[in-house]
Structures are given as structure tokens and as C-alpha cells.
Amino acid sequence: MITPLDEERRLLAAIRAGDREAAEELVERTYSAVFASVYRLCGDSDLAADLTQETYQKAWSALKGFDGRSQLFTWLYRIAYTTFLNHVRRPRRMTSLDEPDSIEIQDERPGAEETLADAEEAERLRRAVMKLPEDLRFTVTAHFWGGLAVREIASIEEITTVAIRKRLHKAFTLIEAMLEEEVQ
Amino acid sequence: MNSKRRAELQRKLTLNAVPRPPAGLVDRIRADIPKYLEQENERRRSSAFYLRVAASVLVAVTSVVAAMYVVNGPAHQEKSAAVAPGPFAPAQRRTSIAQDTPVAAPTETVRLEIAEETDLQLPPQLALDAAPPPPPAAVAAAPVSQARAQEIAEATPMVERQAENGVSGSVAGGVVGGTARGVVAEVARPQAVVVEREVAPAAPAVAAPVPTPVATSAPALEAPPPPPVMADAASRVGRATAERRAERSFAKEADREVFGISVDPHNFQQIRETLEAGARPAATAVDVEAIVNYFAGPPVKRPRRGVSLDVEASPAAIEAEGDHAILRFSIDTPVGGSTVVASNVRVDITFNDRVVAKHKRVGGDESLASESVLRNGMSVTGLYALELRPNLTATQRVATVRLQYKTVPAGKAETLTRHVLARDLAKSWARSTRRHRLASLGAVWGETLKGTAPGFDVARRAQELVTQDPKDARARELAAAANASSDGSR
């Protein structure tokens with residue numbers, strides 16, 4: 001019986017041998033999930049698309065260094081996450097939106113009121129997650145947005161699953177505190 | 001925090017709605033695949049190639065050392081016999097090889113071959129791919145024919161340039177398609193005549209036919225011997241130097257355009273001279289791209305290695321009707337000589353149609369050419385004039401600039417990507433970097449001079465830049481030139 005892991009190994013071997021179809025198959029299988037993960041991180045569809053594309057560009061270059069110990073998607077998620085962080089940390093020349101001679105920009109999103117309320121709450125939650133310390137943020141985003149299992153994250157971070165669960169607990173405590181602070 | 005609240009937070013985190021990936025994303029990702037995979041294969045191929053070259057070098061060096069040993073054998077043997085008549089057999093074996101092998105040409109001939117090879121710096125690929133050595137008689141009769149010498153002299157500067165750069169690629173006329181390696185092997189292999197056969201067919205394509213019957217083919221090897229080697233070599237060196245100069249001059253000329261963007265520094269000087277003479281330059285004499293690049297100049301700090309990509313956007317320099325913006329990208333290489341730092345360089349700019357209604361490259365057509373190599377000390381700036389759609393959201397992507405290149409000499413593929421979001425356009429033009437302001441103001445001035453844009457008060461804006469930083473020579477030049485031309489442009 002061929003397990004998903006065996007299938008991944010076959011795909012990886014084919015890609016490494018220069019098989020373009022195998023690479024396309026990998027993209028087909030994973031790009032939606034990578035896009036969703038990045039979208040949850042950045043909250044913008046266009047940007048998520050660009051970052052997803054950048055993720056795969058980096059993945060092809062880094063393929064040689066992938067040891068196959070983790071799942072392909074876990075590896076891709078790690079690249080996507082780093083790509084997102086690089087984007088966030090990249091210095092931007094920008095100033096306040098309300099400058100006198102600035103171009104008028106409205107932050108309008110279509111939808112009913114409740115949809116907006118939900119979206120606002122989701123956005124608040126996203127911002128709170130983004131404010132977490134790096135180790136907690138990666139753990140939360142990888143688990144809830146990337147869909148990685150606790151064991152996978154523990155393997156990436158090279159710590160125990162118990163430590164990951166502790167991180168998650170700590171992260172939720174901090175998120176809760178941040179959300180309450182915002183309400184007050 | 002109680003478990004209920006935690007569960008609620010988890011649910012919200014997990015159920016956060018995600019839109020479907022935009023149409024075409026998968027195609028964009030797919031489009032990147034083959035290039036990278038091919039590079040991977042290429043790297044493997046090149047590793048194998050390096051191994052083969054190393055093996056060839058080893059064999060060639062060993063052969064030459066053995067040949068020299070054999071040629072010097074008798075004298076050395078006598079000496080050895082006199083000094084150490086012990087039980088060492090090698091001296092005996094050497095003698096027998098020298099007697100049995102017809103390759104043992106006279107010492108002088110072999111040395112002559114090596115000297116010529118060293119002097120000429122033969123294209124590496126030619127000799128590496130060369131056939132087995134010719135008969136010893138032919139080697140002795142005609143080491144290098146005159147026509148061949150001319151061909152080599154023509155090929156040499158290009159090959160040298162390739163060797164300096166360490167870059168693979170083909171050279172004009174299709175004569176050489178190799179890389180800068182294996183020179184050691186060339187020096188070591190006394191096979192100049194064989195090389196001649198490889199090159200001969202290409203000669204008519206690149207040069208006028210030579211009237212002399214001397215050769216481009218094997219029978220010519222039996223022609224009378226050429227003039228004395230020293231004089232011949234000197235003339236070859238002279239020709240090679242002249243060729244090299246011509247090549248450098250051509251390269252310098254070519255450097256006035258990077259990615260198809262004119263960076264000619266003389267254009268602004270000519271316009272200034274015309275204005276100082278009280279005349280107005282003809283529209284055809286105004287090269288807006290060159291002016292943009294003159295005023296954009298180099299960055300405040302060049303990258304320490306590799307290539308840098310600086311992207312900046314702002315509202316247009318001079319207010320016009322509607323929402324207009326200017327996007328600048330500048331590509332810079334480290335300070336220093338003319339060493340090649342990147343190869344296979346490509347710039348791609350994609351605009352988001354939902355944000356940008358119209359876009360136009362300032363002073364040129366939309367397409368950007370690729371560059372086979374980029375050298376140190378290079379700076380190029382391109383500007384795009386954008387017309388934006390109304391009601392933008394801050395996080396909407398306006399454009400993405402992507403620079404792809406291979407590092408030299410490592411050959412590693414690099415991609416630099418810069419996204420411009422709508423919020424980046426929210427700042428005022430006056431808050432942009434000086435490079436951005438000078439480039440965009442230079443563009444407006446150039447367009448005004450050219451008559452492709454209405455007269456704007458560039459002089460006043462430039463004077464503001466001078467007031468902010470009186471030491472900025474470029475701003476002073478722009479202000480003075482804009483003042484001089486303002487009568488006609490307003």
C-alpha cells in the first residue's frame with residue numbers, strides 16, 4: 001500500500017530528477033493551502049498571491065537542502081512563513097495616510113454589517129497573533145492557519161510536543177489579554 | 001482564561017474565512033518551475049563538466065611532464081649514470097621509451113609549441129574539445145599558420161574578456177562557445193595545429209576571405225614555414241591589443257544602455273551647453289531616460305555585493321488632474337572596476353489592473369530588455385508614470401518589481417522582489433528620497449523640453465531641493481538648467 005509519505009517521496013525524487021510534471025503536481029496539490037496560510041498571516045489577497053509565488057520560487061531554489069524528514073507541506077509552510085516575515089520586516093518608505101497632499105485612500109470592504117463585524121473581529125485576532133513573540137506566533141500560525149500537527153511543529157522547532165502545547169496555552173493567554181486591552 | 005473562552009478563540013482562529021486563490025496564481029507559480037529545475041540540472045551537468053576538465057588537465061600535465069622527461073632523457077640518463085649507478089631501473093626504462101616512441105620530437109620544437117600556446121592564450125574550449133594530437137611530422141613542419149594566427153588574434157580579446165569575467169557564453173561569430181577555464185590545460189598541450197581545424201569553418205563568416213592559400217585546412221600544414229616566431233607573435237600581440245581596445249570601446253558604448261534604458265551621461269551635458277548658448281535643444285536631442293538617470297545618479301550607499309533593487313513610489317512630482325503616481329526602480333551594483341557581478345539579469349514589472357488604470361514607462365517603450373551581464377559600478381533607474389483608479393484600499397497591491405539574476409562566479413539564481421502597495425503612495429512627493437525626487441523632476445523637465453508634456457514649474461521645485469540641501473550638485477544643476485529653459489517651457 002502506498003502511503004501519502006511514500007507518495008511525497010516519489011514526487012520529491014521525481015522533482016529532484018528534473019521532472020517538470022512532478023513539480024507541477026506538487027504545485028497543484030499544495031498551492032491553495034500555502035495561499036490560505038499566507039492570506040491568514042497578511043490578510044490581503046493580492047499580497048498573499050505574490051508571497052505564495054515567492055514561496056515557490058524559494059522552494060525550488062532550496063529543494064536541494066530539503067532532507068525529507070518533515071512533510072513537504074510543512075517545509076513549504078516554513079518557507080512561506082519566512083517569506084511573509086521578510087516582507088513585513090522589509091523597510092517601507094511610507095508615512096501617515098492623512099497627509100495634506102496625499103492620494104485619497106479609503107479602506108472600504110464590501111459586505112453586510114455582520115460580515116463586517118466578523119471580519120473586524122477576525123482582523124483584531126490576526127493583529128493580536130501578529131503581536132505575539134516570534135516562537136509563540138509561529139506555533140499558533142503553523143497550527144491553526146497552516147494546519148500543521150503539533151508533532152510536525154515540534155519536529156521543526158526541535159522541541160517536545162509538550163513544549164508546543166505549553167506555547168499554545170501561553171499564546172492564548174496573551175491573545176486574550178491583548179483583545180481585552182483593545183476593548184477597554 | 002477558561003477553557004470555553006479558549007475554545008472560542010481557537011474556533012475563530014480556525015474558521016477565519018479565506019478567499020479562493022486568485023485566478024492565474026497557479027499559472028504564475030508553474031511558470032517559475034522549469035527555469036529552476038533546469039538550473040538544478042545545469043548545475044549537475046556543470047559539476048560533471050568540471051570533473052571532466054580536471055581529469056583532462058591532469059592527463060595533459062602528466063603527458064607533457066612525461067614528454068619533457070623523455071626528451072631530456074639521454075642527457076639526464078648520462079648524468080644519473082655518472083652520479084648514481086645504483087640499482088634504480090627508471091633510467092633504463094626512459095631510454096627505451098625514447099627510442100620506441102615516435103612522438104619524441106626534438107626539444108626545441110616542443111618548447112616552441114608551448115611558448116606559442118602560452119603567448120596566444122588559446123580559447124579554452126577549442127583545445128579541450130580537440131582531436132588527438134597530429135602526426136609528429138606535421139607538428140614539426142608548421143606549428144601555427146599565419147591565417148590561423150590572425151583568427152586567434154581576433155578571438156583572443158573576447159576570450160580574455162570571458163576569462164576575466166568568469167562567465168559562460170558564446171562569443172561573436174560563433175567561434176567560441178566556452179567558459180573561462182582549462183587555460184592550464186592549453187598551456188600544457190602542444191596541439192595548436194589540431195585547434196586550427198576546429199576554427200577554420202567559421203572564418204569566412206566573420207572576416208573577409210584571405211587571398212593567401214595558407215591555411216584554414218589540414219593540407220595547408222605542409223605549406224612553407226611562417227616568418228620568425230618572435231616577430232609573428234609581436235604582430236599578433238599588437239593586433240590583439242587593438243582588438244581588445246576596440247572591444248572595450250564597444251563595451252563602453254554598450255554600457256550607455258542597460259535593460260534598454262538609456263543611461264548616457266553626455267545627453268544632459270549637451271543639453272546644458274545648448275541652453276547656455278542661448279538656444280533651445282531640438283526635441284530629438286532630448287533623451288528623457290538619460291536625463292532621469294543623470295539626476296537619479298548612484299545610490300547614497302552602493303551594495304557591498306551582488307545587485308540591489310530599490311523600488312519607490314509616490315504621487316507625481318507635479319500635480320496633474322486625476323490620481324497620478326510615479327514608480328521608480330533603481331538597480332545598483334557594488335562600487336569598483338568592471339568586474340562582472342551578475343549574469344542573465346531580468347527585470348519584470350507587473351501592475352495590478354484593479355489599481356492602475358494606465359501605466360507608461362517614462363521616456364521609453366514598455367518592454368525592458370534583459371542583460372547578459374552586469375558589472376560593478378553600474379546604476380540604472382527606470383520610471384513609470386501611473387494613473388490610479390479611485391477608491392483604493394491601503395493594502396491593495398499596485399505593482400510588483402522582480403529582478404532575477406545569477407550571481408557570478410557562484411552561478412546561484414537570485415530573485416529580488418519588491419511590492420508596492422497603495423499605502424506606499426500615500427506619502428507626499430516631498431517626503432520621498434532625494435534620488436526619487438531628482439529622478440522624477442528630471443523626467444518632468446525632460447518631457448517638457450521634448451514638448452511631450454505641458455510646461456511645468458520644474459525650476460521652482462528644483463530650487464526647493466537646492467534650498468533643502470545646498471551641497472547637492474545635481475539639484476543645483478537641475479535648478480539652473482530648468483531656469484535656463486523655463487522661458488520656453490512655461
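The set of residues in segment A:36-74 that are closer than 24 Å to B:Lys412 by Cβ, surrounded by 21 or more Cβ atoms within 10 Å (Cβ to Cβ) and more than 8 Å from chain B (Cβ to nearest Cβ) comprises A:Leu51, A:Thr55, A:Ala59, A:Leu72.
Per-residue answers, yes or no, for (1) in contact (Cβ under 8 Å) with a residue 60 or more places away in the chain; (2) surrounded by fewer than 16 Cβ atoms within 10 Å (Cβ to Cβ); (3) part of a loop (DSSP other than H, G, I, E, B):
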site: B:Phe295; (1), (2), (3): yes, no, no
site: B:Arg305; (1), (2), (3): no, yes, yes
site: B:Ala317; (1), (2), (3): yes, no, yes
site: B:Leu327; (1), (2), (3): yes, no, no
site: B:Ser330; (1), (2), (3): yes, no, no
site: B:Gly337; (1), (2), (3): no, yes, yes
site: B:Val341; (1), (2), (3): yes, no, no
site: B:Thr350; (1), (2), (3): no, yes, no
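Here are some residues: B:Arg418, B:Arg431, B:Arg423. Which one is within 12 Å of chain A (Cβ to nearest Cβ), of a type in the set (Lys, Arg) and under 31 Å from the mean Cα position of the chain (by Cα)?
Details: B:Arg431 fails: under 31 Å from the mean Cα position of the chain (by Cα); B:Arg423 fails: under 31 Å from the mean Cα position of the chain (by Cα).
Answer to the check: B:Arg418.
Looking only at residues in segment A:9-26 that are facing another protein chain (nearest Cβ under 7 Å) and either surrounded by fewer than 20 Cβ atoms within 10 Å (Cβ to Cβ) or not in a helix (DSSP H, G or I) (or both), the one that is modelled with the highest pLDDT is A:Glu24.
Looking at B:His419, B:His359, which is the one that is closer than 29 Å to B:Asp287 by Cα, free of Cβ contacts under 8 Å to residues at least 24 places away in the same chain, touching a Leu at 6+ places or on another chain (Cβ under 8 Å) and not in a helix (DSSP H, G or I)? Please lay out each step first, then the result.
Values: B:His359 fails: free of Cβ contacts under 8 Å to residues at least 24 places away in the same chain.
Exactly one residue qualifies, and that residue is B:His419.
Looking only at residues in segment B:1-31 that are assigned to a helix (DSSP H, G or I) and polar (S, T, N, Q), which one is nearest to the chain's Cα centre (by Cα)? If we take residues in segment B:1-31 being assigned to a helix (DSSP H, G or I) and polar (S, T, N, Q), then B:Thr14 is nearest to the chain's Cα centre (by Cα). On the stretch given as segment B:395-431, residues that are on the phi > 0 side of the Ramachandran plot and of a type outside the set (Gly, Ala, Ser) total 0. Counting only residues that are over 11 Å from B:Val292 (Cβ atoms) and assigned to a helix (DSSP H, G or I), which one in segment B:437-452 is nearest to the other protein chains (Cβ to nearest Cβ)? In this case the residue turns out to be B:Arg437. Modelled with pLDDT of 90 or more and surrounded by 14 or more Cβ atoms within 10 Å (Cβ to Cβ), is that true of A:Phe144? It is false that A:Phe144 is modelled with pLDDT of 90 or more and surrounded by 14 or more Cβ atoms within 10 Å (Cβ to Cβ). Could you check, for segment A:102-109, whether at least one of its residues is of a type in the set (D, E, K, R), at pLDDT 85 or above and not in a helix (DSSP H, G or I)? The answer is no, given that none of the residues of segment A:102-109 is of a type in the set (D, E, K, R), at pLDDT 85 or above and not in a helix (DSSP H, G or I). Tell me yes or no: at least one residue of segment A:114-129 is at pLDDT below 85, under 30 Å from A:Arg10 (Cα atoms), facing chain B (nearest Cβ under 9 Å) and in a helix (DSSP H, G or I). No; the residues of segment A:114-129 include none that is at pLDDT below 85, under 30 Å from A:Arg10 (Cα atoms), facing chain B (nearest Cβ under 9 Å) and in a helix (DSSP H, G or I).
Would you check if B:Asp264 is closer than 20 Å to B:Glu371 by Cα and acidic (Asp, Glu)? Give the derivation first.
Values: closer than 20 Å to B:Glu371 by Cα: yes; acidic (Asp, Glu): yes.
Here the answer is yes, as B:Asp264 does meet what is asked.
Each row is one residue, and each column tells you yes or no for (1) within 20 Å of A:Ala142 (Cα to Cα); (2) in a helix (DSSP H, G or I); (3) at pLDDT below 90.
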position	(1), (2), (3)
A:Tyr31	yes, yes, no
A:Val34	yes, yes, no
A:Leu41	yes, yes, yes
A:Gln57	no, yes, yes
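The values are calculated or read from the model by the stated rules, or taken from the named source; none is laboratory data. Note that this is a predicted model, so its numbers are computed, not measured. So basically every Cβ, Gly included, is an ideal-geometry build from the backbone, and we count neighbours across all protein chains shown.
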